[in-house]
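Engineer: Have a look at this one before I ask anything.
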Amino acid sequence: MFGVDRADKRLKFWSFTSDGKRSIGVQVEPRDLAAGGLAFEAEMPAGTARFLMWPVGEGLHVAVESKTKKGWNRFLLQTFRAKR
């Protein structure tokens with residue numbers, strides 16, 4: 001879920017799991033994404049993670065990454081395209 005947090009007026013991403021846990025990602029500057037991309041970072045029990053979205057052609061890439069000592073480790077990439 002996406003929305004503006006009333007407390008600090010920032011765009012955030014809320015993620016919920018079937019075991020009742022949740023995470024809150026705060027929008028950050030996506031310096032390594034194509035123009036028009038969105039990035040949200042969240043502190044998780046296992047470390048920092050980020051959720052990314054960026055346009056590609058007539059579709060959208062969505063990725064999830066974990067932060068490592070060497071940089072970002074992408075472990076999910078999905079591509080959504082308009083049905084023709």
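The values are calculated or read from the model by the stated rules, or taken from the named source; none is laboratory data. Owing to the predicted nature of the structure, the values given are computational and were not obtained by experimental measurement. FYI the Cβ positions are ideal-geometry reconstructions off the backbone, even for glycines, and counts take in every protein chain you see.
Engineer: Looking at residue 72, is it over 19 Å from residue 1 (Cα atoms), modelled with pLDDT under 95 and surrounded by 14 or more Cβ atoms within 10 Å (Cβ to Cβ)?
Structural biologist: Spelling it out, residue 72 is indeed over 19 Å from residue 1 (Cα atoms), modelled with pLDDT under 95 and surrounded by 14 or more Cβ atoms within 10 Å (Cβ to Cβ).
Engineer: Would you point out the residue of the range 3-15, among those that are part of a strand (DSSP E or B) and touching a residue at least 12 places away in the same chain (Cβ under 8 Å), that is nearest to the chain's Cα centre (by Cα)?
Structural biologist: The selected residue is 13.
Engineer: Hand me the list of strands (runs of 3 or more DSSP E) wholly inside the range 45-84 holding 2 or more residues that are over 20 Å from residue 34 (Cβ atoms).
Structural biologist: Of the strands (runs of 3 or more DSSP E) lying wholly inside the range 45-84, those with at least 2 residues that are over 20 Å from residue 34 (Cβ atoms) span 47-56, 59-68.
Engineer: Select, from 77, 60, 52, 33, the only residue that is within 21 Å of residue 21 (Cα to Cα) and without any contact (Cβ under 8 Å) to a residue 24 or more places away in the chain. Before you say what the answer is, go through the steps one by one.
Structural biologist: On the way: 77 fails: within 21 Å of residue 21 (Cα to Cα); 60 fails: within 21 Å of residue 21 (Cα to Cα); 33 fails: within 21 Å of residue 21 (Cα to Cα).
Testing whether each residue is within 21 Å of residue 21 (Cα to Cα) and without any contact (Cβ under 8 Å) to a residue 24 or more places away in the chain leaves just 52.
Engineer: Please verify whether the range 55-62 includes one or more residues that are closer than 23 Å to residue 3 by Cα, touching a Pro at 6+ places or on another chain (Cβ under 9 Å) and surrounded by 14 or more Cβ atoms within 10 Å (Cβ to Cβ).
Structural biologist: Yes: one or more hits.
Engineer: Failed condition for residue 39, given (1) farther than 23 Å from residue 4 by Cβ; (2) part of a strand (DSSP E or B); (3) out of contact with any Ser or Thr (no Cβ under 8 Å at 6 or more places or on another chain), with all others met?
Structural biologist: Residue 39 satisfies every listed condition except (1).
Engineer: Would you be able to tell me the number of residues in the range 21-43 that are of a type in the set (A, V, I, L, M, F, W, C), surrounded by 14 or more Cβ atoms within 10 Å (Cβ to Cβ) and farther than 20 Å from residue 8 by Cα?
Structural biologist: Going through the range 21-43 one residue at a time, the tally reaches 1.
Engineer: Please work out which one of (1) among the hydroxyl-bearing types (Ser, Thr, Tyr); (2) in a loop (DSSP other than H, G, I, E, B); (3) surrounded by 12 or more Cβ atoms within 10 Å (Cβ to Cβ) is the condition residue 18 fails and give its number.
Structural biologist: Failed condition: (3).
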